[in-house]
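Presented below is the structure to which this report refers.
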Amino acid sequence: MNKEDILRRFFKAYFNKYTIYHSSIKSKEDNYFFLVKDDQAKHLTVIGKPEVVKKFEGLVSEEKKIEEDGLFAKVCYLNHHNLFLLRETFTYLNPSFCGLRASFGTGDRLGIATPAHLQAFQGKDVFPILAQQSVREMARTERNWQKVLDDAIWGCFEAGYEGPFGADADHVKKVEDLKEATDCGFTMFTLDPSDFIRNDIGRLNKQELDQLYNQIPNSKELEKLYLNRSYKIANQELIFDEKSLKEITLTYSEAINHVVKCYEFLKDYKKSNFDLEISVDETPTVTSPLAHLFVVLEFKRRGVNFQNLALHFLGDWQKGIEYKGDVKQFAKEFSLHAILAKTIGGYKLSLHTGSDKFSVYPIFSRETGGLCHIKTAGTSWLEEAKVIAIKDPALYREIHRFALENFEKDRASYNLTTDLSRIPNIDKLSDEQLVDLFNKPDSRQLIHITYGSILRARDNEGKYIFKDRIYKVLFQYEEDHYRELSNHIRRHLELLTCI
Ligand SMILES: [Zn+2]
């Protein structure tokens, strides 16, 4: 039986009730699997031998014998059970290890962006990390590890994608979360030890510094290893003198211990290869090249096999807008980090809050020579909100007003310089002008950081105020959604010049 034959039979059985996603059609041993949609939702369709079709969950009323040769067709749910069966049948639907290949993470807060993300990656030699969500984002979007991973895989299935991809459990602080993400099938883990990083060390006087330092159990061992040792990196010499060694040790030693503990857990618990990222980006202090050197040498010495390291790089990194700061100065300091990473070797540098940092991308990819990973997330949500503004201006206006009311509360966990008074009064904007709001930093950040409040907002009866309507509009205008989103992510990827 060929593809046309299958489609003809499917149409005959269901008339015109469903539209087929042609890219999704796959077959194995004369069983066919593909995605369809009606005017409400997407469904999986299975056509094949009755014993195969029976295993998939769906409404019995949607099961049909399609011709005399004993084949059955069934329209099934997009649920975890069915996805599990598909992943057994088509093993390329399982996420995999990335290693030192250049990679790019596309966080997807609504869980419907993967087909658009895959379009953006087409023809690019960049390993896509399609499932990527932080513990904080999951709480704000009321999702969980399994849902994040499943949504991304359904997106791969819809797009007919057979290439490799990764799944990043992002900014994980606790071993319990690592365990859960491992159980769900994540392949990459981003450890965030920021709760263990001390930010007060620079303010201590010498006596306080010495006193604290002497309490560190292995301080004498560290002195033997590092004190007055110098490292030649490019034409610079990095030296651990007494003061800098004490300060750096006190700042990072508990964090390093925490990372070692998490790594040892993963090494024992995760039975297959995994990518490990260590992120110290979410701390108030900029990571100096000397601190970078110290943490990497310590991770190596203590046997932590990591692939990515995210530092807090120089400049002002704000969500959803361009890099704020002196790009030339950034380039100068970053080049030292990049040379350091290449000199020590064996890991990539990772850029967080990578959304819309267009001026930084060429520098980042060039200096690392492609040994880089970049994370974006909020920018996909912003493109989705932009599509709402274009297609359903009335809904966008409601969301915008709600975001203004919630901004002060929601900004607390972010580093932002947003000034609401610079956002135009939307009552004075025409529907056509709303889209311009997505070109301006203040209005971008307004929508960027209030996503959790917007998605969780419920009325007195407990019904979502915006969430369901947002999904409905994006479902109805799926082509526009995918096009805007993939163009936008593509703009990011085009700037990774050395890949
Ligand atoms: Zn981060």
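The values are calculated or read from the model by the stated rules, or taken from the named source; none is laboratory data. All values derive from a computational prediction rather than experimental measurement. Cβ placement follows ideal geometry from the backbone for every residue including glycine, while neighbour counts extend to all protein chains displayed.
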Determine whether ILE129 is assigned to a helix (DSSP H, G or I) and more than 19 Å from TYR451 (Cβ to Cβ).
no
Cβ-Cβ distance below 7 Å, separation of 6 or more or different chains: which pairs start in region 344-359 with a residue that is at positive phi and in contact (Cβ under 8 Å) with a residue 60 or more places away in the chain and end on one that is of a type in the set (D, E, K, R) and within 16 Å of the ligand (Cβ to nearest atom)?
THR353/LYS319
Under the condition of being surrounded by fewer than 22 Cβ atoms within 10 Å (Cβ to Cβ) and more than 21 Å from GLN40 (Cβ to Cβ), which residue from region 462-485 is farthest from the chain's Cα centre (by Cα)?
GLY462
Select from region 370-384 the residues that are farther than 29 Å from LEU297 by Cβ and within 15 Å of the ligand (Cβ to nearest atom) and list them in ascending order.
THR376, ALA377, GLY378, THR379
Of all residues in region 374-420 being over 20 Å from TYR464 (Cα atoms) and hydrophobic (A, V, I, L, M, F, W, C), the one that is nearest to the chain's Cα centre (by Cα):
ALA377
Can you work out which of the residues in region 329-369 that are of a type in the set (Gly, Ala, Ser) and within 15 Å of the ligand (Cβ to nearest atom) is nearest to GLY99 (Cα to Cα)?
SER350
Could you please find all residues in region 314-331 being β-branched (Val, Ile, Thr) and surrounded by fewer than 20 Cβ atoms within 10 Å (Cβ to Cβ)?
VAL327
Residues that are in contact with a strand residue (DSSP E or B) (Cβ under 8 Å, 6 or more places away or on another chain) and in contact (Cβ under 8 Å) with a residue 60 or more places away in the chain, at least 3 per element: which strands (runs of 3 or more DSSP E) completely within region 231-338 meet that?
275-279
Flag if GLY303 is within 16 Å of the ligand (Cβ to nearest atom) and either surrounded by fewer than 19 Cβ atoms within 10 Å (Cβ to Cβ) or more than 16 Å from ALA338 (Cα to Cα) (or both):
no
Tell me, yes or no, whether region 389-401 has at least one residue that is among the β-branched types (Val, Ile, Thr), surrounded by fewer than 22 Cβ atoms within 10 Å (Cβ to Cβ) and closer than 21 Å to HIS117 by Cα.
yes
Can you pull out every residue in region 168-199 that is among the polar types (S, T, N, Q), away from the ligand (no atom under 13 Å from the Cβ) and either modelled with pLDDT of 95 or more or at positive phi (or both)?
THR182, THR187
Looking at GLY111, is it outside any helix (DSSP H, G or I), at positive phi and either modelled with pLDDT under 95 or crowded, with 17+ Cβ neighbours inside 10 Å (or both)?
yes
Breaking point among (1) in contact with a Gly (Cβ under 8 Å, 6 or more places away or on another chain); (2) surrounded by fewer than 19 Cβ atoms within 10 Å (Cβ to Cβ); (3) under 30 Å from LYS386 (Cβ atoms), for ALA102:
(2)
ASP210 vs. criteria under 30 Å from PHE127 (Cβ atoms) and of a type in the set (D, E, K, R):
no
